[in-house]
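Here you go, one structure.
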Amino acid sequence: MVGLFAAGTILLNPPILNLVGGTLFGWPALYLYLFGVWGLLIAVIGLISEGSAGQANERDKDSASR
């Protein structure tokens, strides 16, 4: 999670944002970049959270069966 925070901080920093310019399919590329990175960060956080929740449930089942 700390690495994901660092990646998000770097990807959403103004020097990196200044590299994005122009349009893509008529949409400003900066908007697409911002929403794309934001959505990707949320998806990865969700995958990490669900994975750790599944492991916690398995541990609970193992300890309850003893």
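The values are calculated or read from the model by the stated rules, or taken from the named source; none is laboratory data. Just so it is clear, the model here is predicted, and its values are computed rather than measured. A quick note on method: Cβ atoms are made from the backbone with ideal geometry, for glycine too, and the neighbour counts reach across all protein chains shown.
Which ones in the range 20-31 are out of contact with any Ser or Thr (no Cβ under 9 Å at 6 or more places or on another chain) and surrounded by 10 or more Cβ atoms within 10 Å (Cβ to Cβ)? Spell out how you get there, then give the answer.
Going residue by residue through the range 20-31, those that are out of contact with any Ser or Thr (no Cβ under 9 Å at 6 or more places or on another chain) are 20-28, 30-31.
Across the range 20-31, the qualifying residues are V20, G21, T23, L24, W27, P28, L30, Y31.
Something else: Do any residues in the range 3-29 that are in contact (Cβ under 8 Å) with a residue 12 or more places away in the chain have Cβ atoms under 8 Å from those of residues that are surrounded by fewer than 11 Cβ atoms within 10 Å (Cβ to Cβ) and outside any helix (DSSP H, G or I), where the two are at least six apart or on different chains, and which pairs are they?
none
For (1) assigned to a helix (DSSP H, G or I); (2) at pLDDT 95 or above; (3) touching a Cys at 6+ places or on another chain (Cβ under 8 Å); (4) among the hydroxyl-bearing types (S, T, Y), each residue gets a yes or a no:
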residue	(1), (2), (3), (4)
Y31	yes, yes, no, yes
W38	yes, yes, no, no
I42	yes, yes, no, no
E50	yes, no, no, no
A56	yes, no, no, no
D62	yes, no, no, no
